[in-house]
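The values are calculated or read from the model by the stated rules, or taken from the named source; none is laboratory data. On a predicted model such as this, the values are computed, not experimentally measured, just so you know. Methodologically, a virtual Cβ is constructed for each residue, glycine included, from the backbone with ideal geometry; neighbour enumeration extends over all protein chains shown. The area values use the complete protein model at the heavy-atom level, side chains included, leaving out ligands, DNA and RNA. Shrake-Rupley method; radii C 1.70, N 1.55, O 1.52, S 1.80 Å.
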Amino acid sequence: MVSLDDAVTAHIKKGSKEFEILVDPELALAYKRGDEINIADILAVESVFENASRGDKIADSDLVSTFQTDDVLQIAAVILKDGEIQLTKEQRKRFLEEKRKQVVTFISQNAVNPQTMAPHPPQRIEIAMEEAKVNIDPMKSVDELVQITMKAIRPLIPIRFEEVSVAVRIPPLYAPKAFGDVSAFGKMLKNEWQSDGSWIAVIRIPAGMQTDFYALLNHITKGEAETKLIKDESPSKD
């Protein structure tokens, strides 16, 4: 439960009355976006106010007549879903910066320049977002914002989501240790253990993650892994 000092107000107007609750700003935003979060963890105090800053609680009879219940958790769920969350200027700025960073990171790791099949540096994506005047809405999920951003910056830079298949052979000395890390990196298309103890696999990964993937292999095998980029004709993802 968030402290009162760190809480912000979420409110909704029903008829002539305001209904306010004190909430954790980050958890409240996440719940409003659709994340499954326990309402009790979001509230600073389990009360509904008509004026939270003064501590004026609203009468139970008003709760029942408006929401058909006086259960604070049920009412809080309605306020969070349908009402407004009052963020401070600093909180809103921080949330926007964090969300923008998440969008840039996702695109830089999963999208490439289709002309070179190389990922765009995060700075290039940020510049394109500024040129396209991409609006980062803290109420939207990263997935939604990625789709909005990609649509906005495509006219400015050649970019699309692309995946590649990489064939890997891990020498016997490193194969057992490498198996877990390599398989978790992407989708396993092929998985064969050889009679000499080496491991052969084909992994499908986002094209923008190739550098990180090769760095992982070099670290695990001390540079002894063998890799080959497999050309395929599977359609790219926009």
- Options Ile157, Ile170, Ile220; residue that is open to solvent by less than 50 Å² (accessible area, probe 1.4 Å), touching a strand residue (DSSP E or B) at 6+ places or on another chain (Cβ under 7 Å) and of a type in the set (A, V, I, L, M, F, W, C): Ile170
- Message: Residue pairs, Cβ under 7 Å, 6 or more apart or interchain, first in segment 85-109 and in contact (Cβ under 8 Å) with a residue 40 or more places away in the chain, second open to solvent by less than 90 Å² (accessible area, probe 1.4 Å) and hydroxyl-bearing (Ser, Thr, Tyr). List them.
- Response: Gln86/Thr9; Val103/Thr149; Ile107/Thr149
- All conditions in (1) farther than 22 Å from Asp5 by Cβ; (2) more than 22 Å from the chain's Cα centre (by Cα); (3) open to solvent by 50 Å² or more (accessible area, probe 1.4 Å) are true of Glu97 except (2)
- In this structure, does Thr149 turn out to be of a type in the set (Val, Ile, Thr), within 29 Å of Asp35 (Cβ to Cβ), in a helix (DSSP H, G or I) and modelled with pLDDT under 95? no
- Note on the structure: Of (1) over 16 Å from Gly83 (Cα atoms); (2) open to solvent by 70 Å² or more (accessible area, probe 1.4 Å), Glu26 fails just (1)
- Message: So in segment 108-130, with the set limited to residues that are within 21 Å of Ser165 (Cβ to Cβ) and part of a helix (DSSP H, G or I), which one is least open to solvent (accessible area, probe 1.4 Å)?
- Response: Ser108
- Query: Out of Ser47, Ser61, which single residue is open to solvent by 70 Å² or more (accessible area, probe 1.4 Å) and either of a type in the set (Gly, Ala, Ser) or in contact (Cβ under 8 Å) with a residue 60 or more places away in the chain (or both)?
  - Reply: Ser61
- What are the residues in segment 1-49 that are part of a helix (DSSP H, G or I) and farther than 20 Å from Phe67 by Cβ, if any? Leu4, Asp5, Asp6, Pro25, Glu26, Leu27, Leu29, Ala30, Asp41
- Query: Out of curiosity, is Ala175 among the aliphatic types (A, V, I, L, M), open to solvent by less than 10 Å² (accessible area, probe 1.4 Å), modelled with pLDDT of 90 or more and over 26 Å from the mean Cα position of the chain (by Cα)?
  - Reply: yes
